[in-house]
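Every number here is computed from the coordinates shown, using simple stated rules; none is lab data. Not measured: the values here are computed from a predicted model. Every residue, glycine as well, gets a Cβ built from its backbone with ideal geometry; the counts of neighbours run over all protein chains shown.
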Ligand code: HEM
């Protein structure tokens, strides 16, 4: 019993430190990497929508975006990471850390659009993919417009 | 009304230029702000604007009387005379001329920065590859800031037209549609077919240059077998 309690306490302490230990620099690097990876996937889908359509490529790319969108990236916006350097100086606006509900709405729309894209990608319907792709791009843009420095 | 009272002020190419530009700017602001798949149209309309601006620059030299920059260039002397109420003339008055040059200037900035801009999502200007990514990002931020200047200028432009219509009882819109103004004065001359063809040819060249079609083809993607299948 006592051991179990100790273990539980230890586990809590560890997870707590695990959170606290996301260093600002890493958090910024990781989010920049995640966005850059989505940039790769977006370019890949666009090339397919505009050129010869390869269903498998699009599925792969759409799944990457979906996975990142649902990864809980909010965890990378640790307090204090409104300034600092990851791969490059962060471009996030401080408002992202204070606009709670509004950011949440944008992030939710983005998740939904990413899920939708992955869903239509699986059908291989190029027209529907193009549509869902445009909608997803719109959600990327709405976040960049409001929460990323120009 | 007697047709002898009509004086040609704006030749047809100038009027077409004006209204096409107005449509294009509306289209660009809307597609730029909305984004999504419309950003592709943003790029296409932007190329049209490349043609329009170069057309106007050439027409400002080769066009008919009141389209020429020399006719309405807002020298300090002309502006002072206008403000003293001593300016007599047809076409752009010296303050309107300032607005013309400012609009063309900001549009040119908008065009050049747009051509190398990127949205980090799924679009890059056709000349993006000519500059590095860092410069492209910088140009993109100018693009996004300068458009606010453009919007302010457009609002001033519209406000001035309203002011003329309601306060000075001078409708500036009709001449820009029909070409002529009532009352006497020197009708516009010049800007013949040859001048038009030269201006159109240079405008077409500008669209071609802006489109990046002349850039060396990117190396063909390596055949699939050269990248690992995972
Ligand atoms: C010449 C007149 C042009 C005007 C008036 C114009 C206007 C605009 C506007 C209003 C935006 C949205 C900015 C914002 O969100 O606040 C925008 C974005 C953009 N424009 Fe243009 N544009 C022009 C030309 C071009 C051209 C020729 C290109 C490239 C072919 C281009 C590429 C872009 C890109 C890539 C963006 C997205 C920037 C971002 O989302 O960060 N633009 N433009």
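Of the candidates A:138, A:124, A:51, which one comes out as most mobile in a Gaussian network treatment of chain A with C-alpha springs shorter than 10 Å? In this elastic network of chain A, the residue with the biggest mean-square fluctuation among A:138, A:124, A:51 is A:51. Compared with the dominant Cα axis of chain A, that is its longest principal axis, helix A:24-50 is turned about 10°. For the pair the range B:78-141 / the range B:183-199, the C-alpha centres are spaced 26 Å from each other. Peptide B:24-37 shows a mean partner chain C-beta count of 3 within 10 Å per residue C-beta. Residues A:135, A:141 in ascending order of nearby Cβ atoms (within 10 Å, fewest first): A:135, A:141.
What separates the Cα centres of the range A:31-99 and the range B:1-64 is a distance of 38 Å. Note on chain A: GNM, Cα springs under 10 Å; of A:118, A:61, A:75, the largest mean-square fluctuation is that of A:75. Relative protection proxy for B:74-80, A:26-32, A:41-47, A:104-110, from highest mean packing down: A:41-47, A:26-32, A:104-110, B:74-80 (other beta-carbon atoms within 10 angstrom). The mean number of partner chain beta-carbon atoms within 10 angstrom of a residue's beta-carbon across peptide A:131-144 is 4. Between the Cα long axis of helix B:12-34 and the first principal axis of chain B there is an angle of about 40°, rounded to the nearest 10. The mean count of C-beta atoms from other chains within 10 Å of the C-beta of residues in B:133-140, rounded to a whole number, is 1. The packing ranking of peptides B:61-70, A:86-95, highest mean first, is B:61-70, A:86-95, where packing means the average number of other beta carbon atoms within 10 angstrom of each residue.
Return one number: the angle in degrees, 0 to 90 and rounded to the nearest 10, between the long axis of the Cα atoms of helix A:100-123 and the longest principal axis of the Cα atoms of chain A. Between helix and principal axis, roughly 50 degrees. Among B:93, B:171, B:118, the largest mean-square fluctuation in a Gaussian network model of chain B, built with springs joining Cα atoms closer than 10 Å, belongs to B:171.
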